[in-house]
Amino acid sequence: MKVNVVGTSGSGKSTVARQLAHKLAVPYIEMDKLYWRPNWQNAADEEFLQQVEQALVSAPAGWVLDGNYKRTKAVKWRDVDWVVWVDYGFCRTLYQAIRRAAVRAWHKTELWPGTGNVESYGRSFFSRESIIWWTIKTYRQNRKKYLAEQQNADNRHIRFIQLRSPAETAAFLANLPEATGNEPIGQPAP
């Protein structure tokens, strides 16, 4: 099973992706870890695409990919089975983004090992690079984008699963059969 978990920053896609990878017994791949370099520098597009491709081909039996990154769509959706869209309401998503940024800044948690990148109150709340500002700016754009992607004929091979609340997410995960590694995972109840 090959799954891309998408959603606006702060929606909870990383949490859902980790849980899904565990349930399906496939590798979890975090796109932010492939993208970010030390001192908040980003990977060049060519390097980033190559790393995404390499991560996906290194797990031919299946994977759960966590992240949006529109420029990677041709690579990540080429063989994807499901796109799981964590699409909670704006207020909940913004609250989660603020809470996460505050906790990370307080604990000075390194976000991606070896990068030294940590959230700070200045960066998280008061700068143009603020994850909170990014959440506000991209929430509506992401909703339009993923609604359109579901209707796009080029994506007929993909099953889109839109999760609108934590309760829907819990039910979705609970309805997935445990993976044994011997049989393909079927379609869960939405």
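Can you list the trypsin sites (Lys or Arg not before Pro) in region 1-89 that are in a DSSP coil and have 15 or fewer other beta carbons within 10 angstrom? Write out the running numbers ahead of the final one.
Working: sites: LYS2, LYS13, ARG18, LYS23, LYS33, LYS70, ARG71, LYS73, LYS76, ARG78; in loops: ARG78.
Passing both the DSSP loop test and the Cβ count: ARG78.
Span-like helix check, the chain: qualifying full DSSP H segments, with Cα axial length of 15 Å or more and mean Kyte-Doolittle of -0.5 or more, are 13-24, 45-57, 90-107. Give me the percent of DSSP beta bridges within the chain that run antiparallel, rounded to the nearest 5. Close to 15 percent.
Highest GNM mean-square fluctuation among ALA97, ALA153, ALA170, for the chain modelled with Cα contacts below 10 Å: ALA153. Close Lys pairs in the chain, defined as Cα atoms under 21 Å apart and 8 or more places apart or on different chains, number 29.
For q values of 0.09, 0.13, 0.16 Å⁻¹, compute log₁₀ I(q)/I(0) with the Debye formula on a Cα-only model of the chain, without solvent. Those come out to -0.33, -0.71, -1.09, one per q.
In this structure the amide hydrogen of GLN162, modeled in the peptide plane, comes within under 5 Å of the amide hydrogens of TRP85, none closer than 5 places in sequence on its chain.
We did not get these values from a lab; they are worked out from the coordinates using the rules stated. All values derive from a computational prediction rather than experimental measurement. As a convention, Cβ positions derive from the backbone with ideal geometry for all residues, glycine included, and neighbour counts pool all protein chains shown.
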